[in-house]
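Participant: Let me give you the structure first, and then I'll get to my questions.
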Amino acid sequence: MELFLVLTFLFFAGSILGWAIEVFWRKFFSKNNPEHRWINPGFLHGTYLPLYGLSLSLLFMLSFIDVSFVENAIAQRIVLFVIMALCITAMEYAGGLIFIKGMNIKLWDYSACWGNIQGIICPLYTFYWWILSATYYFLIHPKILSWLYWFTNHLAFCLVVGFFYGVFTVDLCYTLNIASKIRAFAKEQKMLVRYESLKAQIQAKNEELLQKRSFMLPFKNAGRSLTESLKNAVEQRKNENARTK
């Protein structure tokens, strides 16, 4: 039961903190956002990224790995962080591949990064995971049990976490409904849809039509925009193929 509560709390905290990290990264540092707009990242629409929640839960379990086969204490930590980073990278690859093969949707694209594999993972982001693993180990892991004790003794916060999972479930159902429409179109056209590019196209179209831009719901009022954006994706793919010939 204690492990279940820890993982429940970590998924909640990791999903929200990861979302905040991505929002500020894309706003101030991402080269793919030269206008420095506020962008709601991820597959879902709420203020959470499940990949980070799963990663934080995974880091908790990996932190108990025995690395005593390495004699030097500093080297032990380095090896542990490498294992953590590689495991999260493997999880990232599996998640990206599931959406590509099962939904014809590419959630993120590292094709421009050196050493990438199918545009899903790359050494640069594995290095970022290594840094986050070290940050977790030194700043978060030592305090988890005390946080869990506080969590179980504050009913109001338990209700907040419960509300989070309720909203998360509704959001997941809503997003999967949209994804099924994208998948049907992509399968018919025998193409792969880049999810972030599609969101950006729909937001641009809504702005062009003088519709209010929605930060939390990028697919809002997207009935027509979604179809048009998917068709534009087909044309863009044709143009790219023509240029490469």
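The values are calculated or read from the model by the stated rules, or taken from the named source; none is laboratory data. Quantities reported herein were computed from a predicted structural model and do not represent experimental measurements. Because the Cβ atoms are built from the backbone with ideal geometry, glycine has one as well, and the counts that use them run over all protein chains shown. For the accessible areas, the whole protein counts, side chains as well, though only heavy atoms, and no ligand, DNA or RNA atoms are used. Shrake-Rupley method; radii C 1.70, N 1.55, O 1.52, S 1.80 Å.
Participant: Can you name the number of the only condition in (1) outside any loop (DSSP other than H, G, I, E, B); (2) open to solvent by 20 Å² or more (accessible area, probe 1.4 Å); (3) over 24 Å from H141 (Cα atoms) that G96 fails?
Facilitator: Exception for G96: condition (2).
Participant: Let me ask something else about it. Starting from residues that are in contact (Cβ under 8 Å) with a residue 12 or more places away in the chain and either open to solvent by less than 40 Å² (accessible area, probe 1.4 Å) or part of a helix (DSSP H, G or I) (or both), keep the ones in the range 21-38 and report whichever is farthest from S55 (Cα to Cα).
Facilitator: Within the range 21-38, the match that is farthest from S55 (Cα to Cα) is K27.
Participant: Of the residues that make up the range 144-158, is at least one in contact with a strand residue (DSSP E or B) (Cβ under 9 Å, 6 or more places away or on another chain), farther than 30 Å from I74 by Cβ and of a type in the set (A, V, I, L, M)?
Facilitator: no
Participant: In addition: Between K106, K31, which is modelled with pLDDT of 90 or more and charged (D, E, K, R)?
Facilitator: K106
Participant: Looking at F81, F60, F12 in this structure, which one is under 20 Å from the mean Cα position of the chain (by Cα) and within 21 Å of F127 (Cα to Cα)?
Facilitator: The match here is F60.
Participant: A further question follows. Looking only at the range 116-161, which residues are outside any helix (DSSP H, G or I) and open to solvent by less than 40 Å² (accessible area, probe 1.4 Å)?
Facilitator: G119, I120, I121, C122
Participant: Now, a different point. Among the residues that make up the range 65-72, is at least one of them out of contact with any Lys or Arg (no Cβ under 8 Å at 6 or more places or on another chain), at positive phi and touching a residue at least 12 places away in the same chain (Cβ under 8 Å)?
Facilitator: Scanning the range 65-72 turns up no residue that is out of contact with any Lys or Arg (no Cβ under 8 Å at 6 or more places or on another chain), at positive phi and touching a residue at least 12 places away in the same chain (Cβ under 8 Å).
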